[in-house]
1. Residues in the stretch 91-146 that are in a loop (DSSP other than H, G, I, E, B) and either of a type outside the set (D, E, K, R) or open to solvent by 70 Å² or more (accessible area, probe 1.4 Å) (or both): how many?
2. Of all residues in the stretch 49-90 being out of contact with any helix residue (DSSP H, G or I) (no Cβ under 9 Å at 6 or more places or on another chain) and among the polar types (S, T, N, Q), which is surrounded by the most Cβ atoms within 10 Å (Cβ to Cβ)?
3. Would you mind stating whether LEU153 is open to solvent by less than 30 Å² (accessible area, probe 1.4 Å) and farther than 16 Å from ARG82 by Cα?
4. Read through the list (1) under 17 Å from CYS158 (Cα atoms); (2) buried (at least 19 other Cβ atoms within 10 Å of the Cβ); (3) modelled with pLDDT of 80 or more, then give the number of the only condition that SER19 fails.
5. With the structure loaded, tell me whether GLY45 is over 21 Å from the mean Cα position of the chain (by Cα), in a loop (DSSP other than H, G, I, E, B), modelled with pLDDT of 50 or more and under 24 Å from ARG154 (Cα atoms) or whether it fails that test.
6. Which members of the stretch 128-149 meet the condition of being modelled with pLDDT under 90 and closer than 25 Å to GLY55 by Cβ?
Amino acid sequence: MKSVGTEMRRAGVTILVASMIAACGTNNEGDPDGGVDARVDAPPGCTRPDLDAPGLKAYVTDVVAQLAAAPRANTTQRDVARTYLSNQLTALGWQPQLHAYANGANVFATVPATLGDGKMIVVGAHFDTVMNSPGANDNASGVAVVLAVARYLRDTPCRTA
C-alpha cells in the first residue's frame, strides 16, 4: 500500500474507495454472446440503477464546468476545489475525508459493501491543474467520472466484491 500512497501524494489524487457492484437483475435471455449471467444469483431487491439515469449526463457536465471555471494550480485554488468535492460527496450521501500530505490533501470517501467479504476497488482522478489552465480535460473530466461512480453506487443496493 506504500506505493499507492506515494502515487496519491505525487498526483494529488481524488479517490473513492468502493466495493464492487454486485451483479444484480435477472437472467441473460437474449445475450448474443451466450455468456453466463452472474445476476441470477443476486439476492432479492438487488436491482442495478440505469446507467442512462435521468440527469447523469447533466451532472457530469456540471461537475466538469464547475471545476473548469477556475484553475486549481495553487494552494488556495486547490482548497476551493477540495471544498467543492467534499460538498459533492456529502450531497451524494458519502462522508468525505482528507488524506493530507506535505503539499496538500486528497479528498476521498469510503463506500461500504452491502454484501460480501469487504474487498475494495479504488476509483480515482487528480483534481489539480497547471498554471493558466482550466483543466477541463486534465482532469475535471476524470473527477466528474469519479463523482458519477459515487452517485451510481449510492443508488446501488448490492455492492460486493
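The values are calculated or read from the model by the stated rules, or taken from the named source; none is laboratory data. Fair warning: this is a prediction, and the values are worked out from it, not measured in the lab. Glycine also receives a Cβ, built like all others from the backbone with ideal geometry; neighbour counts cover every protein chain displayed. Surface areas here come from the heavy atoms of the whole protein model, side chains and all, with no ligands, DNA or RNA. Shrake-Rupley method; radii C 1.70, N 1.55, O 1.52, S 1.80 Å.
1. If we filter the stretch 91-146 for residues that are in a loop (DSSP other than H, G, I, E, B), which is where we start, we get 92-96, 102-103, 112-120, 127-135.
Next, only the ones that are either of a type outside the set (D, E, K, R) or open to solvent by 70 Å² or more (accessible area, probe 1.4 Å) (or both) stay: 92-96, 102-103, 112-120, 127, 129-135.
The qualifying residues number 24.
2. Among residues in the stretch 49-90 that are out of contact with any helix residue (DSSP H, G or I) (no Cβ under 9 Å at 6 or more places or on another chain) and among the polar types (S, T, N, Q), the one surrounded by the most Cβ atoms within 10 Å (Cβ to Cβ) is SER86.
3. On the way: open to solvent by less than 30 Å² (accessible area, probe 1.4 Å): yes; farther than 16 Å from ARG82 by Cα: yes.
Yes: the conditions hold for LEU153.
4. Tallying (1) under 17 Å from CYS158 (Cα atoms); (2) buried (at least 19 other Cβ atoms within 10 Å of the Cβ); (3) modelled with pLDDT of 80 or more, SER19 fails exactly one: (3).
5. On the way: over 21 Å from the mean Cα position of the chain (by Cα): yes; in a loop (DSSP other than H, G, I, E, B): yes; modelled with pLDDT of 50 or more: yes; under 24 Å from ARG154 (Cα atoms): yes.
Here the answer is yes, as GLY45 does meet what is asked.
6. PRO134, GLY135, ALA136, ASN137, ASN139 - these are the residues of the stretch 128-149 that are modelled with pLDDT under 90 and closer than 25 Å to GLY55 by Cβ.
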